[in-house]
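Trainee: One structure is given below, represented as structure tokens, and several questions about it will come after.
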Amino acid sequence: MSKIKSKPTLKTCPFCGKRVNSVKGFGGIQFFECTNKRCGAMVSFRKYIEGKTEIEKWNGRITDETD
């Protein structure tokens, strides 16, 4: 029996703590958009940075990277 990989859960917005959506934009660029209209954060990354996917970069936090 093979294991089915599930999509990683996105961490909340680092600015306001609300839920974010992952959206594919023009040219396949992946954006992370905060659902809090008062925050309005929208973030994108280059496809691969330091061998990490966009979701891994989004979920990375400074405390995660210094451990």
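Trainee: Ranked from the most accessible area to the least, with a 1.4 Å probe and all protein chains present, what is the order of Ile55, Ile29, Ile62?
Mentor: Heavy-atom accessible area, descending, gives Ile62, Ile29, Ile55.
Trainee: Same structure, new question: May I have the count of lysine pairs in the range 14-65 with C-alpha atoms under 17 Å apart, counting pairs 8 or more residues apart or located on different chains?
Mentor: So the count of such lysine pairs works out to 4.
Trainee: With each pseudo-label sitting 7 Å past Cα toward Cβ, what's the Asn59-Thr9 distance in nm, one decimal?
Mentor: 1.0
The values are calculated or read from the model by the stated rules, or taken from the named source; none is laboratory data. Remember, predicted model here, so these are calculated numbers, not experimental data. Backbone-built Cβ (ideal geometry, glycine too); neighbour counts: all protein chains shown. Heads up: the accessible areas ignore ligands, DNA and RNA and are worked out on the full protein's heavy atoms, side chains in. Shrake-Rupley method; radii C 1.70, N 1.55, O 1.52, S 1.80 Å.
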